[in-house]
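Some notes on the structure that comes next.
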Amino acid sequence: MRMIIMGPPGVGKGTAAALLCKHYGIPHISTGNIFRELYKDQTEVGKKAKGYVDRGELVPDEITNLIVYNRLLQSDAKQGFLLDGFPRNTDQAAALDGYLKESNIIIDAVVNLKAPDELIIERIGGRRVCETCGSVYHIQNLKPQVEGICDKDGGKLIQRIDDMEETILRRLNVYYSQTEPVIGYYEKKGKILHIDGTGTIEEVNDLIMKALGESV
Ligand code: AP5
Ligand code: MG
Ligand code: ZN
């Protein structure tokens, strides 16, 4: 399975992607996660990207596209992958198409998760992430066993810098102006599956699996 998951910030792309990747046994390639890792490892690219990420702006295409191409070249992505948060503008979508064509790779599905802004703001506002491993929780919807502590490694749960309210609004603006047009790009190709992202984590997963023709 080779797929793309798109949708506004905080709609639940990463959460849905984790379940899909487990089901299909494919790597979860999230550009946002990669930028955060690169910064944690104190790499030059990570330092360059951090300002954009923290402000809620898109990291320039020349940096982002290369990161994705390099990631797709790794051996675990040969049998399939899930791209989460890429492409995020129509130039990235065209660049990805060029790359895939050259590499003889076909995308099987593009999933577009949808939810209204109020719900998104509630989801992002309640999100907590593990400082150590990046696992994602929610103070109401996906609680850790012990408040403030990661179930997997005991790491401290914190808020992402770009999850502050005014940055959430900027991310939504960037989404509507730059990323939403990518939906039209894939609609023209007849590839996109629109999924209602307002239900529980399990309900959303079921809808995606059904749309992909899997039995649930
Ligand atoms: P990125 O990390 O991709 O952020 P985003 O798109 O804003 O999306 P999020 O990760 O915030 O949300 P999500 O949809 O994954 O939701 P989640 O599953 O966590 O990108 C960050 C930044 O990196 C960008 O702003 C940009 O600067 C840069 N960047 C990344 N890609 C780029 C690109 N291609 N080009 C240029 N720059 C790029 O869920 C949110 C919360 O809701 C969680 O707490 C979760 O537990 C909860 N939740 C999830 N699903 C449900 C549900 N069904 N019911 C109840 N709660 C739920
Ligand atoms: Mg995410
Ligand atoms: Zn952790």
Checklist entry - Thr167 fails exactly one of the following numbered conditions: (1) crowded, with 18+ Cβ neighbours inside 10 Å; (2) more than 18 Å from the chain's Cα centre (by Cα); (3) of a type in the set (S, T, N, Q). What is the number of that condition? => result (2)
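Residues of region 92-111 being among the basic types (Lys, Arg) and within 15 Å of Ile183 (Cα to Cα), which ones? Walk me through how you get there before you give the answer.
Keep residues of region 92-111 that are among the basic types (Lys, Arg), which gives 101.
Correct list: empty.
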Checklist entry - Does Thr64 meet the test of being within 30 Å of Val216 (Cβ to Cβ), out of contact with any Lys or Arg (no Cβ under 7 Å at 6 or more places or on another chain) and in a helix (DSSP H, G or I)? => result no
Checklist entry - Quick one: what pairs do we get from region 202-216, first residue at negative phi, second modelled with pLDDT of 95 or more and of a type in the set (S, T, N, Q), C-beta under 9 Å, 6+ apart or different chains? => result Val204/Thr15; Val204/Thr198; Asn205/Thr15; Val216/Asn205
Checklist entry - Condition test on Asn33, is it in a helix (DSSP H, G or I), within 16 Å of ligand 3 (Cβ to nearest atom) and open to solvent by 60 Å² or more (accessible area, probe 1.4 Å)? => result yes
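Please go through region 54-85 and pick out each residue that is within 19 Å of Pro8 (Cβ to Cβ), open to solvent by 30 Å² or more (accessible area, probe 1.4 Å) and in contact with a Phe, Trp or Tyr (Cβ under 8 Å, 6 or more places away or on another chain). Let's see the steps before the verdict.
Let us first name the residues in region 54-85 that are within 19 Å of Pro8 (Cβ to Cβ), namely 54-59, 64, 82-85.
Pick out the ones that are also open to solvent by 30 Å² or more (accessible area, probe 1.4 Å) and you get 54-55, 57-58.
The one that is within 19 Å of Pro8 (Cβ to Cβ), open to solvent by 30 Å² or more (accessible area, probe 1.4 Å) and in contact with a Phe, Trp or Tyr (Cβ under 8 Å, 6 or more places away or on another chain): Leu58.
So is Arg88 surrounded by 14 or more Cβ atoms within 10 Å (Cβ to Cβ), over 16 Å from Gly197 (Cβ atoms) and basic (Lys, Arg) or not?
Details: surrounded by 14 or more Cβ atoms within 10 Å (Cβ to Cβ): yes; over 16 Å from Gly197 (Cβ atoms): yes; basic (Lys, Arg): yes.
Yes; evaluated as a whole, the condition is true for this residue.
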Checklist entry - within 22 Å of Glu202 (Cβ to Cβ) and exposed (fewer than 11 other Cβ atoms within 10 Å of the Cβ): does that describe Glu122? => result no
Next on the checklist: Looking at the structure I just gave you, is Tyr24 more than 27 Å from Asn173 (Cα to Cα), surrounded by 14 or more Cβ atoms within 10 Å (Cβ to Cβ), more than 7 Å from ligand 1 (Cβ to nearest atom) and among the hydroxyl-bearing types (Ser, Thr, Tyr)?
Outcome noted: yes
Checklist outcome for this item: Residues of region 129-160 being open to solvent by less than 70 Å² (accessible area, probe 1.4 Å), more than 11 Å from ligand 3 (Cβ to nearest atom) and part of a loop (DSSP other than H, G, I, E, B), in sequence order, are Gly148, Arg160
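The values are calculated or read from the model by the stated rules, or taken from the named source; none is laboratory data. Every value quoted in this text rests on a predicted model; they were computed, and no experiment measured them. Backbone-built Cβ (ideal geometry, glycine too); neighbour counts: all protein chains shown. We work out accessible area using only protein heavy atoms, side chains counted, and drop any ligands, DNA or RNA first. Shrake-Rupley method; radii C 1.70, N 1.55, O 1.52, S 1.80 Å.
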